[in-house]
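Participant: To start, I am sharing the structure in question, which I have written as structure tokens.
Read the figures in this text as sums done on the coordinates, not as results from a lab. Values in this document were obtained by computation on a predicted structure and should not be read as measured data. Positions of Cβ are generated from backbone atoms using ideal geometry, with glycine treated the same way; all protein chains shown enter the neighbour counts.
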């Protein structure tokens, strides 16, 4: 037993997507306790079928592990189906594993028919299919057999093994999902594995590379569909089994180790793409019910075309050449298109040509089906998952994906199922033991509200915000924190159904994420920036408009803000029609479960405790009110005031009037002060106080802002003394949840304070009302509804839609042009371009000088890099190259890749220069270099295959290709792999801590990693 | 159910106010010829308004019109917004009770308008739109004489009306699926009420869609064969590359399918239309694509750049999908409106189609594939609501009795015609029998081509199978009474009583 494998520090998995950010596994939880003592007496006979095609190098490891299987010899048949290999696999087997039954096919039948061939000839009651590039644990088979036998009564006929990578440190297959148009995916692929408990569960399909199935039934239902040749045949089989009324499960205790893509990795990508596209069409055509099949097939065919169009563009073709109004003559009769476009075309034509045969299979299945499509969608994982290609340019693709789902009514079929949601918080979340800000609490409330409706919500907060305090935050939040560099990678690895960004600044760091994006416009952030003196209004406005244009749905926190943001959204190009539906108000929300407030029964020995809490921000001025309170309490000789707060814990925000105020309050005798508190402890304070002094002077920002701290007071059972101008003042009056006072009427405030001191029981009564108000108006399970509907049926705004809207003929024959600027929000909240001229005096920053701020951000960023550097160094060998310290990355062997995503600043990207590490030896492997649009993309723009034997250590190699015309301001992904390299005969690339003059993110095995591959780029043949 | 929201038309024909709307783009000399022909119209001048919509021409069009044609109402657009939008703008500013749309490269006969109105009046109440006969510039060829479409909304300018009894063009007031946008008359309020031409189409097939929509909403479109127009230019579209026209054709016919078919039929026909579109994309690429390069089992190739050169016309079929997708939300909105208001079912409209499975791409491989696909997707179930299958029996005079025997077997389930090939042109004749028509024609007579062109299926004798017109037919062919055939794709049926003869076009797939 070598499981779990000993962890070794050298081979620590590279940066992976942490648990918290991984989509929930599809499938229903079906926890079945397998009691080892309840093993049935009669074990069934099993044939283990290993399909082999030129896999000589894998066979020894595979069959050695099978020879160790802990299963009665008389019940076990080991078989190898040789799919007409051209290597010496057969003689190797005869010489080394003479007891294995060898079955030969005449030609390469492919994966599906090859396995069927074995199953037809197998003698066992069950058949276990195993890939040849694997090895298994000795109890692999017994665990699967026990698990199927235990579930037979419930209809289990097939189970999947847990598949790990070769070293057992990462998950290969733990769950499989499929989207509505038949593309399978493995949501846990690449996730670290350290022996954590994985529960048995139902799965849509068992991994064809390691599974057990009732042999007779397998053959009865038609086995793997031989028309597939390879890829997705396991998805189809599982889907078919479920439709027929059977069940498929995961047996997590049956463990297989897999060299990933030992066979498929060496195939040309455009050739496998034909099979993926074609087989997905086969799957949906066969398996959907009659009432859905044509609708979904139409949508699938339209999406296939949209993917093909992307590949047409990837080949260098401009779609404008196909525009009828293009004035340019085009004498050229052909276009250059990427081969995958041709592959898609061939795929759909093969589908058409074989349709009659598929129809027979379809009819066979439909006549026998026992479960509806809608029942099966719950097993899909994410039925609406976007088939990922290239997030840089595919806003059009994903928009089309969602338009088809919505317009054809397809999404309705699974709108009852939970969605995967990523909530991006701009600030510290209320978890752990550090203070959270209002915007972090807001993010939490939105996420929790969605969770309350069943969705799977993943939170991420900014890594710099918790820097140095990581120990006070739950580890999964530390690991899952975002930076400007990794935010896109987090999104790519997860492919959530919906992204919720709290505030627009988060999404200034990413290109359009090309997934449905809800932006919560929590406050007039631009005004906040103005108060902070952060850059100039014009730059900020432009950044804001660019960020807003990425959104598909918007929420804001109050009715007043709605009018303010409508004007901004209209300027960002969102049409008026969309604004009506797509901008909704979600007030600041709190947990429906409220903390208990501790009221006193007897006031005779106690002071009435007034409290004021929150971060000190320059746009807030509570000074007149707090000084009045201090003064009144001192005169009355009763009551206390506690001011809890401090400057912003992360952002370098000026504290405005608070400095002088605190100096004055310091001398007040009935006033105490304490710093910012973690969320839980703040709540503790509030629930032991009696009245919140919630008075702030009005200004532009305050009139628009929704007073989140007010809702927190109410939720804790604190009655508030609240200014009349605020949006929630009428609620406080209606509910008698406090006292509403004019902001500049210090006499009225004084009277309120005196009345409270005289009769604290009235404060108690109003405190009870406060909690009632919070529950009835601000509970997140109720307030979330508008956003929840968007999450349930996500959509993307089409940038193309408005073009048509402009030319609609109305009933009167008058053309209606969409004129975004003509909205009519109430006067007072519109912020025109010239707004900065109107408010110069008020917006004058006090301390916030630009230079100071830039320096602070710079210091924090370099601090972050320092944190990363030691970790990076621990797993790389430092060498001096060109007088600089470089690290050779690990050997580039089959199944692994080294890549770097980088930002091209110019047009005509034509080459990449990087430095080779040979480990001081002569290697015989080949190096394959690819340039791709992004790490998620599966296709090459260009690729080249090089011998490595003449490389010298430290040699700079240039990968050159025809200039990419429109490469400016786009991300590209450079990746190297070496499919025929083995440890000891492999090269690698050099990396360093940082790169000069190139914005880049390193990737290892397709996942973000620390450091940077040492590289530079060439534009039009000239080194940048 | 005649509850359609049509407008009451006056009972006695009278001269009606009409606005002639001419969209134009950079074709001044042709436009001047067109305007010149309008001066000669035999119609009260005070009832005619001429509206020219200039789609941002870059030549002197605007200046010349203002200078020399002050009576023309000129509408100028800032950009070339396409044919559909220009027509809609013209209709919006027109003051006539009717609008006549006219291409800028057309000249009209003096009797044009009167003939159009005559057709509307002949057809009666629900007819709101009339189609002209469009001839080539020398008047020798007919470019439009009634219209039809296949099941996938690829419009064609000639109709199958009257087949097989009268293979000539349809007569005044006979129903047609649509009127060519190049020269048509339509009741203005109705045009605006149904939404005009769909601006998303930009150009091509917007007239098919309008006609289809008019029928669905309860109106009739009729033919006015005496309203003659000569097409003197015919070049507006040709200035752009053919791949640009293909992009519009392919996306716009999908749009018409999506908008106008009933739920249930739409999804089935759309998926078939898409599969056939991909088929055309592949076949039109010819040898440019080598499928072997895309087979997993093939040896590695040297194309490291992963780029292929593909004919633009072929690529246009895929780019058209992008264009269709970009129109989707708009089209679905239109669809919901049409489906909510429709008063005629698909079954009532489809008989106007013509040949349901007329291939959009020449080539027997495509035609056979299309039939096979239609069979698998059960589109024949939809086409059953078409008029009965048009079966043409072709043979020679000495086989006459045998041909009649076949016709009498088939006539109950099909619309049947016999072409009896005669060596002498002078012997041309038509004869009506009980349930079928027999034409005696020489092989060179263009009517033979027309009859074959519109037949859903051909049943031919071995002799007739040798005719060029038969060999190039795209419809399925059965050769009866023969053991083998010179047409490879034909099915040979020895026994004419074979049940397959009755319905063979379905099984021939």
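Participant: For residue A:320 paired with residue A:598, estimate the spin-label separation in nm (one decimal), with each label point 7 Å from Cα along the Cα-to-Cβ line.
Facilitator: Using points 7 Å along Cα→Cβ, the separation is 7.0 nm.
Participant: Same structure, new question: Taking other Cβ within 10 Å of each residue's Cβ, how do B:251, A:89 sort, fewest first? If you can, show how the numbers build up before the last one.
Facilitator: Values: B:251 26, A:89 22.
By the 10 Å Cβ count, ascending: A:89, B:251.
Participant: Right, another one. Relative contact order for segment A:174-320: what percent, with Cα pairs under 8 Å and sequence separation of 6 or more? Numbers along the way, then the final one.
Facilitator: Values: 126 pairs, mean separation 40.4, N = 147.
Relative contact order for segment A:174-320 comes out at 27 percent.
Participant: If you don't mind, another one. Run the numbers for residue A:734 and residue A:968: contour at 0.36 nm per residue of separation, minus the present Cα-Cα distance, in nm. All intermediate terms of the calculation are to be shown ahead of the outcome.
Facilitator: Values: separation 234, 0.36 × 234 = 84.24 nm, distance 5.79 nm.
That works out to 78.5 nm of additional length.
Participant: For chain B, find the longest principal axis of its Cα atoms and tell me its angle to the long axis of helix B:28-39, 0 to 90°, nearest 10.
Facilitator: 80
Participant: Another question, if that's okay. Hey, for a label at residue A:635 modelled as a point 7 Å past Cα toward Cβ, could you say which residues of segment A:742-761 have their backbone N under 15 Å away?
Facilitator: Those under the cut-off are A:745-758.
Participant: Quickly rank B:352-363, B:222-233 as a protection proxy: mean count of other C-beta atoms within 10 Å, highest first.
Facilitator: On the way: B:352-363: 20.8, B:222-233: 22.9.
Top of the packing list down: B:222-233, B:352-363.
Participant: Which value, in Å to one decimal place, does the Kirkwood hydrodynamic radius take for segment A:881-1024 when every pair of different Cα atoms is included? Walk me through the numbers before you get to the answer.
Facilitator: Numbers: mean 1/r = 0.0667 Å⁻¹.
After inverting the mean inverse Cα-Cα distance, the result is 15.0 Å.
Participant: Right, another one. Among A:358, B:327, what is the fewest-to-most ranking by other Cβ atoms within 10 Å?
Facilitator: On the way: A:358 19, B:327 24.
With the fewest neighbours first, A:358, B:327 line up as A:358, B:327.
Participant: Does segment B:78-119 come out rounded, prolate or oblate by the C-alpha gyration tensor, with a ≥ b ≥ c the root eigenvalues, rounded set by a/c under 1.5 and, if not, prolate when a/b is larger than b/c and oblate if not?
Facilitator: Cα axes put segment B:78-119 in the oblate bin.
Participant: Shifting gears a bit: Students often get this wrong: which residues of segment A:156-177 have the backbone nitrogen under 16 Å from the point 7 angstrom along Cα-to-C-beta of residue A:217?
Facilitator: The answer is A:156-161, whose backbone nitrogens lie closer than 16 Å to the label point.
Participant: Quick one: angle between helix B:400-410 and the longest Cα principal axis of chain B, in degrees between 0 and 90, rounded to 10, please.
Facilitator: Relative to chain B, helix B:400-410 is tipped by roughly 70 degrees.
Participant: Just subtract the alpha-carbon distance of residue A:885 and residue A:742 from 0.36 nm times their residue separation and send over the number in nm, one decimal. Write out the running numbers ahead of the final one.
Facilitator: Numbers: separation 143, 0.36 × 143 = 51.48 nm, distance 6.53 nm.
Gain on stretching residue A:885 to residue A:742: 44.9 nm.
Participant: Now a separate question. Using alpha-carbon pairs under 8 Å, 6+ residues apart, how would you state the relative contact order of chain B in percent?
Facilitator: Details: 1021 pairs, mean separation 63.6, N = 509.
For chain B, the relative contact order is 12 percent.
Participant: Continuing with the same structure: Please give, to one decimal in nm, the separation of the simple spin-label points placed at residue A:60 and residue A:751, each 7 Å out from Cα toward the Cβ.
Facilitator: About 9.6 nm, to one decimal.
Participant: Here is a further query. Using the beta-carbon distance between residue B:336 and residue B:142 and R0 = 60 Å, what value does 1/(1 + (r/R0)^6) give for FRET efficiency, to the nearest 0.05?
Facilitator: Values: r = 38 Å, r/R0 = 0.63.
With R0 = 60 Å, the Cβ-Cβ based efficiency is 0.95.
Participant: Then there's this: Along Cα→Cβ, 7 Å out, is where each label goes; now give me the distance between the ones at residue A:153 and residue A:685 in nm to one decimal.
Facilitator: 5.9
Participant: To the nearest 10 degrees, how steeply does helix B:265-284 sit against the main Cα axis of chain B, on a 0 to 90 scale?
Facilitator: Once rounded, one gets 80 degrees.
Participant: So if each residue of separation counts as 0.36 nm, and I subtract the Cα-Cα distance between residue A:368 and residue A:585, what length gain in nm does that give? Could you put the intermediate results ahead of the total?
Facilitator: Working: separation 217, 0.36 × 217 = 78.12 nm, distance 4.89 nm.
Gain on stretching residue A:368 to residue A:585: 73.2 nm.
Participant: Where the convex hull is taken over the Cα atoms of segment A:344-440, what is its projected area averaged over directions, in nm²? Each step should come with its number before you reach the end.
Facilitator: Details: hull surface 43.4 nm².
Seen from a random direction, the Cα hull of segment A:344-440 projects 10.9 nm² on average.
Participant: Once you sort the root eigenvalues of the Cα gyration tensor of segment A:685-762 as a ≥ b ≥ c, which label holds: rounded (a/c under 1.5), prolate (a/b larger than b/c) or oblate (the other case)? Walk me through the intermediate numbers first.
Facilitator: On the way: a/c = 1.86, a/b = 1.24, b/c = 1.50.
Taking the square roots of the gyration eigenvalues as a ≥ b ≥ c, segment A:685-762 is oblate.
Participant: Now for a different question. In a Debye calculation with equal point scatterers on the alpha-carbon sites of segment B:197-306 and no solvent, what is log10 I(q)/I(0) at q = 0.11, 0.22 Å⁻¹?
Facilitator: The calculated log intensity ratios at q = 0.11, 0.22 Å⁻¹ are -0.59, -1.26.
Participant: Given R₀ = 60 Å, what would the calculated FRET efficiency be for residue A:672 paired with residue A:919, taking r from the Cβ atoms and rounding to 0.05?
Facilitator: Here the calculated transfer efficiency is 0.35.
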